[in-house]
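Here's the structure, in structure tokens; my notes come after.
The values are calculated or read from the model by the stated rules, or taken from the named source; none is laboratory data. Quantities reported herein were computed from a predicted structural model and do not represent experimental measurements. Please note: Cβ atoms are built from the backbone with ideal geometry, for glycine as well, and neighbour counts cover all protein chains shown. Accessible surface is based on the protein model in full, side chains and every heavy atom, while ligands, DNA and RNA are left aside. Shrake-Rupley method; radii C 1.70, N 1.55, O 1.52, S 1.80 Å.
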Amino acid sequence: SGLMDLPTCEIHSLREIADLVTSVRLSRIRKEKLALSLKNEDYIPKLLQLFQVCESVKNTEGLHLLFDIVRGILYLDKVILFEVMFSDECILGVAGCLEYDPCLTQPGWHRESLTKIAKLQEIIPIRDPELRQKIRQTFRAQYIQAIILPNPSDFEEGFLSTLNSFISSGKEEILHGLQKDEAFLPEVFAQLTSEATAGEQRRELIKFFKEFCAFCFTLPEKRGAFLQTLAKLGILPTLEKLLGMDDLQVRSAATDILSYLVDFSPAIVQAFVMQEAWQSENNTQLITEIIKQMLCSSNPEFGGDHRLMEILHALIDPKKMLARASHLEVFEFLDVFYNRYIHVLTAPLLDDTSEEWYEIGNDNFNFFPFEGPYILIFLVDNYQTAEILASALELLSFCVKRHKYHMKIYIIKKDLLRRILVLMKSNHKFLALSALRFMRRIIGLKDQLYNRYITLGKLFEPVVNAVLDNKNRSNMLQSALLELFEFIRKEDIRFLIAHIVENFSDSLESVKYVHTFQGLKTKYEQAKEEKNKKLN
């Protein structure tokens, strides 16, 4: 009563078999009966023999029907069938059937991919043959799942839930087996960084290790011990080397693993950064490598610059650090960052320009560390440089907001804002907008020392010039420029209002389509009257 009569497994019966497999999908009982019948009659190996015949004689109709049949059997979602289909004897036949999707103009290459990856996986240093077999089976299940899984809108909740559980159970067995092998992780780290490891082998090894880490981090009860083990065995020096490699796939996977570590245990990464700063004088350090890769990624498919930006944000965000560290520890970490690493972030702003020095009187500049000559900066303006500078500015704007003390000292000491405002002249409007946002972030703090730095350095000049250059245009840059001056007016920042009116009112007289500048003048006159009344 638990079985179902199956058609004879012959080529002329393929249409009947396909209709049978399709007909049971809406009935749980019929699916159970069909699965038991397929298993008991050893039907799947027979179907795969028919596949070899159809492929050898190029029977296209038969191959398309076998695709529907094999996919339909996988959709039954039964473990007893998965164990057969993902076995060494059947997996290539199953993958071969799935190559002949009727919707494709050309067959796929699933067998070649599975064979190639299986060969590359031999590098994974696993001694237990049963564990190695479980890794093969689980990988095959994941590969087949990726092929047959339809669009999310095309299936109901819980679709292929047994296959998902089958894969998760396999991963747990793998994790348990690998944790018992104390030599596994050290060997993985050694092979990843060894010059003798071939490129394809390294890519497959780090892909396996990334999946291994990702799964471990989903298990809260094992996550803490696993993180400590990784740190003890040297995961961070390993990732540091991998991030510096030329191989795009290796760098991308290393970035993902570092992202997992920062998400689940940023304190481990921060402690490593501090240790490197104290013990090493070279430039091949983790934070340095993160910043360099973030700014120098020339391949848009990598997308690493955004992920690395998020990693760096998380590592240097005082709000997040204070959740697990004291104010003193946070201050010490930021001291290290500004003493050792901030120059790497600002290097593009300082390097991608040429400088011409000329002396001017410096009587008013005794208060500031950059007393002496002005610097006239000429912009090197090409698209790749513009992208790099925009990325640097985004992170520096974050530093202005989060590191008020350290960043203020750095900006004034290096006269950084002057360098950045040169970018207002860029042909790339997104870069000019980034430079303006940086200044807007500083002014938004309403800090007296910043305001003195801006006015004494006459740093509004490039901003006013940008207003005049864009006064007949309607774009984001012009809107942002006007918003900056409107903020100063609304917040009544009198020190800046006086500077703007006294130095630029004649130039801004021609901008009449908004009332912002007239409003600044009115505020200035009101402040002047109040001052005179007090004097009287």
Lone unmet requirement of (1) under 19 Å from Gly96 (Cα atoms); (2) surrounded by 19 or more Cβ atoms within 10 Å (Cβ to Cβ) for Val24: (1)
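Let's see how each residue does on (1) more than 19 Å from Asp335 (Cα to Cα); (2) charged (D, E, K, R); (3) in contact (Cβ under 8 Å) with a residue 60 or more places away in the chain; (4) outside the structural domain of Phe337 (by the TED database):
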{"site": "Lys232", "(1), (2), (3), (4)": "yes, yes, no, yes"}
{"site": "Leu243", "(1), (2), (3), (4)": "yes, no, no, yes"}
{"site": "Thr255", "(1), (2), (3), (4)": "yes, no, no, yes"}
{"site": "Val273", "(1), (2), (3), (4)": "no, no, yes, yes"}
{"site": "Glu276", "(1), (2), (3), (4)": "no, yes, no, yes"}
{"site": "Leu286", "(1), (2), (3), (4)": "no, no, no, yes"}
Within the range 159-170, identify whether any single residue is in contact with a Ser or Thr (Cβ under 8 Å, 6 or more places away or on another chain) and among the polar types (S, T, N, Q), and answer yes or no. no
Going through (1) closer than 21 Å to Asn472 by Cβ; (2) among the aromatic types (Phe, Trp, Tyr); (3) open to solvent by less than 90 Å² (accessible area, probe 1.4 Å) one by one, Tyr524 fails only at (1)
For the range 29-49, check the following and say yes or no: at least one residue is open to solvent by 10 Å² or more (accessible area, probe 1.4 Å) and of a type in the set (Ser, Thr, Tyr). no
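If you go through the range 479-493 one residue at a time, do you hit one that is of a type in the set (Asp, Glu), in contact (Cβ under 8 Å) with a residue 40 or more places away in the chain and open to solvent by 50 Å² or more (accessible area, probe 1.4 Å)? Don't jump to the end; show me each part of the working.
Taking the range 479-493 as the starting set, the residues that turn out to be of a type in the set (Asp, Glu) are 483, 486, 491-492.
Next, from what is left, pick out any that are in contact (Cβ under 8 Å) with a residue 40 or more places away in the chain: 483, 491.
Okay, now just the ones that are also open to solvent by 50 Å² or more (accessible area, probe 1.4 Å), so 483, 491.
Yes, the range 479-493 contains a residue that is of a type in the set (Asp, Glu), in contact (Cβ under 8 Å) with a residue 40 or more places away in the chain and open to solvent by 50 Å² or more (accessible area, probe 1.4 Å).
Restricted to the range 244-267, and to residues that are touching a helix residue (DSSP H, G or I) at 6+ places or on another chain (Cβ under 8 Å) and not in a helix (DSSP H, G or I), which residue is farthest from Lys292 (Cα to Cα)?
Going through the qualifying residues, I end up with Ser265.
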Mind telling me which of the residues Leu120, Leu65 ends up being modelled with pLDDT of 90 or more, at negative phi and in contact with a helix residue (DSSP H, G or I) (Cβ under 9 Å, 6 or more places away or on another chain)? Leu65
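Okay, residues lined up against (1) open to solvent by less than 30 Å² (accessible area, probe 1.4 Å); (2) touching a residue at least 60 places away in the same chain (Cβ under 8 Å); (3) touching a strand residue (DSSP E or B) at 6+ places or on another chain (Cβ under 9 Å); (4) under 26 Å from Gln201 (Cα atoms):
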residue	(1), (2), (3), (4)
Ile80	no, no, no, no
Met85	yes, no, no, no
Leu92	no, no, no, yes
Ala95	yes, no, no, yes
Pro107	no, no, no, no
Arg111	no, no, no, yes
Leu114	yes, no, no, yes
Gln121	yes, yes, no, yes
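Could you go through the range 290-299 and let me know if any residue there is open to solvent by 50 Å² or more (accessible area, probe 1.4 Å), at pLDDT below 90 and not in a helix (DSSP H, G or I).
Taking the range 290-299 first, the residues open to solvent by 50 Å² or more (accessible area, probe 1.4 Å) are 292, 296, 298-299.
Checking which are at pLDDT below 90 leaves us with 292, 296, 298-299.
Checking which are not in a helix (DSSP H, G or I) leaves us with 298-299.
Yes, because at least one residue in the range 290-299 is open to solvent by 50 Å² or more (accessible area, probe 1.4 Å), at pLDDT below 90 and not in a helix (DSSP H, G or I).
Name the single residue, out of those in the range 425-461 being outside any helix (DSSP H, G or I) and of a type in the set (A, V, I, L, M, F, W, C), that is surrounded by the most Cβ atoms within 10 Å (Cβ to Cβ).
Phe460
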Can you tell me how many residues within the range 198-243 are part of a loop (DSSP other than H, G, I, E, B) and surrounded by fewer than 16 Cβ atoms within 10 Å (Cβ to Cβ)? 3
Taking His176 and the conditions (1) exposed (fewer than 15 other Cβ atoms within 10 Å of the Cβ); (2) under 30 Å from Leu26 (Cα atoms), which numbered condition does it fall short on, given that it satisfies the others? (2)
Within the set of pairs 6+ apart or on separate chains, which have a first residue in the range 437-448 that is in contact (Cβ under 8 Å) with a residue 12 or more places away in the chain and within 14 Å of Arg494 (Cα to Cα), a second that is open to solvent by 50 Å² or more (accessible area, probe 1.4 Å) and part of a loop (DSSP other than H, G, I, E, B), and C-beta atoms under 8 Å apart? Lys446/Glu491
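One residue is enough: does the range 54-61 have a residue meeting the conditions out of contact with any Cys (no Cβ under 8 Å at 6 or more places or on another chain) and either among the aliphatic types (A, V, I, L, M) or open to solvent by less than 10 Å² (accessible area, probe 1.4 Å) (or both)?
yes
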Return the pairs, sorted by first residue and then second, in which the second residue is open to solvent by less than 70 Å² (accessible area, probe 1.4 Å), the first residue lies in the range 4-24 and is free of Cβ contacts under 8 Å to residues at least 12 places away in the same chain, the beta carbons are less than 6 Å apart, and the residues are 6+ apart or on different chains. Ser13/Pro7; Glu16/Pro7
Of all the residues that make up the range 335-348, how many are among the hydrophobic types (A, V, I, L, M, F, W, C) and open to solvent by 10 Å² or more (accessible area, probe 1.4 Å)? 3
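Filter the range 409-424 for residues that are open to solvent by 40 Å² or more (accessible area, probe 1.4 Å) and either more than 16 Å from Leu345 (Cβ to Cβ) or of a type in the set (A, V, I, L, M, F, W, C) (or both) and give the result.
Here is the first cut: in the range 409-424, the residues open to solvent by 40 Å² or more (accessible area, probe 1.4 Å) are 409, 413-414.
Listed by number, the list holds a single entry, Ile409.
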